[in-house]
Amino acid sequence: MTGLFLGYCMLSRRPGAILLAVFAISACILPTLIVWGIKTGYIEALVDQLRLDPTNVEIRLRGDRALTAGDFDAIRSLAGIGYVEPTTRGLSLRVFVSRADGSRRTEGSLLPSTPGDPLLERFAPPAEGEVLISADLATQLGVAPGDPIEIATRRDGVDPLMRIALVVGPVVPRARLAGQRLLVAPDLIVAVENFVEGYGVPRFRIAGRDPSEQERAFASARIYARDLEAVEAVTEQLNALGHRAEANVAMVSFALRLNRAAALLTLLLGTVLTVGSCISLWGALSLGFLPLQRHIALLRLMGGTKCDVASMVFGQAVGIGCAAILLSGAGFIAVAALINPLLGHVAIGSSVVFLSERQLAAAAAATAGAVLLVAGVFTIRYWTLAPTGALRDAL
C-alpha cells in the first residue's frame, strides 16, 4: 500500500508530464483503431454484401454445347465448386404461367433446384407439386405462398396442351432471383422437355415416343463456386476444361484484394504503433523515475521493501496505460460519430467507421498486454536495484 500511495503522489505532483505521456500513447493507438474501424465498417461490409448475393458466386457457361454425365463429373470434381445442377437440354425452357383459373397468363422460365441451391437461402428445395417463384412473377400473377397456379406448354406450338397444377411455395426475393422465373424439381423439367420434344410422359398420361431413346445431354448448367474466394479459380478451371465460363471475377477479386490489403495495413500499422506506444510509455517512466532514483534508494534504506518499490513503479505504469486506453476509446467513438454522419451516403452498411464491442475489447486487451509487459520489465529494473548502489549512482 505504501508503494501505491507514493506512486499516486508522484502522478498528482506532475500532471503535465503524465498527461503528455497519456496523449503520446493514445496518439499511437487511435490511428490503428480508425483504420481497423474503416476496414470493418466499410470494406468488410462491402465484402459481406457481395457474399449475400448468390449471383456473385455464380459461374455462367456461354456458347452452344452438349454437356454429358462425364462433363458434370469433371465439373463437380473441381476445387472450390459449391453447387452444380444440369439445367435443360435446350438453351432455356419457357412455359406459360397463370393463376389456377387461367387468368393473368404470362411467360416464365423453369430452373431446376435441389438441396444446396444458393438461391434457396433458408428455403427448402421444391417438393413434389410445389414451385418456388421469383418476386417479379408473384407480383405479375398476384399470388402468395400456398396459392395454386398452373404452368402449360405445347408441342411445337400445336396441340396437345400440357397443363400442370402446382402450389406456390416460398417467394424468392428479387435480389436472389430476378425476372419471371420458377424453381422446380429437376424431374418436372425432364417431364416438360420430354413432352415438348415429342416423347411420352407416363407421369401425366401423355403418349409419345419412348423416352429411353433420347440422348441425355444438357445445353448448360447452374454452377456456383463455394464462396467468393473460389470464384476466380473455378472460372479458370472451367476455361481450362474447354468451357467458355464467365463470372463477376473483376469485382469480386477487387473487393477481396482490398479487404486483404486493409487487413495487412491494419496489422502493420498496429504492430508499428504498438511498438511506438511501448517506447512512449518507457520514455515517460524513465523521465519520471530517473530523477527519483535517489529517493527510491533512500526509501529502501529506510525500510521500504522491494514490493513497495515494485508497486510504486508498476502502479504508475498501469495507471498511465489505462488512461491512454480510455482516451483512445473515447477518441475513436468521437471520430466515428463525426465521420459516419458526414460519409453516411457512401456507407455500405450502417457505418463507415465501426468496431464492435468485442473488437474494442480485443484492442484494449492487446494494448493492456503491451502496457503490462513494459510495466513489468521497467518494474524489474528498479525492483532488483541495490539501495546502496542506487544511492551512489544518484550522487
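Please give the number of the condition Glu229 fails out of (1) modelled with pLDDT under 90; (2) within 26 Å of the chain's Cα centre (by Cα); (3) within 30 Å of Ala74 (Cα to Cα).
Of (1) modelled with pLDDT under 90; (2) within 26 Å of the chain's Cα centre (by Cα); (3) within 30 Å of Ala74 (Cα to Cα), only one is false for Glu229: (1).
Which number in (1) modelled with pLDDT of 90 or more; (2) surrounded by 17 or more Cβ atoms within 10 Å (Cβ to Cβ); (3) outside any helix (DSSP H, G or I) marks the one condition that Gln237 misses?
With respect to (1) modelled with pLDDT of 90 or more; (2) surrounded by 17 or more Cβ atoms within 10 Å (Cβ to Cβ); (3) outside any helix (DSSP H, G or I), Gln237 is out only on (3).
Tally time: how many residues in the range 217-234 are not in a strand (DSSP E or B) and not charged (D, E, K, R)?
Within the range 217-234, residues that are not in a strand (DSSP E or B) and not charged (D, E, K, R) number 8.
Within the range 107-131, work out how many residues are more than 19 Å from Thr55 (Cα to Cα), touching a strand residue (DSSP E or B) at 6+ places or on another chain (Cβ under 6 Å) and loosely packed, with under 13 Cβ neighbours inside 10 Å.
1
Do the conditions hold for Asp117, that is, is it under 35 Å from the mean Cα position of the chain (by Cα), modelled with pLDDT of 90 or more and more than 21 Å from Asp187 (Cα to Cα)?
no
Take the conditions surrounded by fewer than 15 Cβ atoms within 10 Å (Cβ to Cβ), modelled with pLDDT of 85 or more and assigned to a helix (DSSP H, G or I) and apply them to Ala323. Does it pass?
No: the conditions fail for Ala323.
Going by the structure shown, is Ile296 surrounded by 14 or more Cβ atoms within 10 Å (Cβ to Cβ), farther than 17 Å from Ile38 by Cβ and at pLDDT 85 or above?
It is false that Ile296 is surrounded by 14 or more Cβ atoms within 10 Å (Cβ to Cβ), farther than 17 Å from Ile38 by Cβ and at pLDDT 85 or above.
This table checks each residue for (1) modelled with pLDDT of 90 or more; (2) surrounded by fewer than 18 Cβ atoms within 10 Å (Cβ to Cβ).
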{"position": "Ala144", "(1), (2)": "yes, yes"}
{"position": "Pro148", "(1), (2)": "yes, yes"}
{"position": "Pro173", "(1), (2)": "yes, yes"}
{"position": "Ala191", "(1), (2)": "no, no"}
{"position": "Asn194", "(1), (2)": "no, no"}
{"position": "Pro202", "(1), (2)": "no, yes"}
{"position": "Arg205", "(1), (2)": "no, yes"}
{"position": "Pro211", "(1), (2)": "no, yes"}
{"position": "Phe218", "(1), (2)": "no, no"}
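May I ask you to say which residue of Val131, Val143, Val184, Val192 is within 11 Å of Val95 (Cα to Cα) and out of contact with any Cys (no Cβ under 9 Å at 6 or more places or on another chain)?
Answer to the selection: Val192.
Can you give me the number of residues within the range 133-173 that are without any contact (Cβ under 8 Å) to a residue 40 or more places away in the chain and hydroxyl-bearing (Ser, Thr, Tyr)?
Looking only at that region, the number is 1.
Among the residues that make up the range 198-214, is at least one of them without any contact (Cβ under 8 Å) to a residue 24 or more places away in the chain, assigned to a strand (DSSP E or B) and either closer than 21 Å to Pro125 by Cβ or not assigned by TED's automatic domain parsing to the domain that holds Val47 (or both)?
yes
Just to be sure I understand, how many residues within the range 31-90 are part of a helix (DSSP H, G or I) and in contact with a strand residue (DSSP E or B) (Cβ under 7 Å, 6 or more places away or on another chain)?
Qualifying residue count, the range 31-90: 5.
List the number of the failed condition for Leu355; all other conditions in (1) at pLDDT below 90; (2) in a loop (DSSP other than H, G, I, E, B) hold.
Tallying (1) at pLDDT below 90; (2) in a loop (DSSP other than H, G, I, E, B), Leu355 fails exactly one: (1).
The values are calculated or read from the model by the stated rules, or taken from the named source; none is laboratory data. Fair warning: this is a prediction, and the values are worked out from it, not measured in the lab. Glycine also receives a Cβ, built like all others from the backbone with ideal geometry; neighbour counts cover every protein chain displayed.
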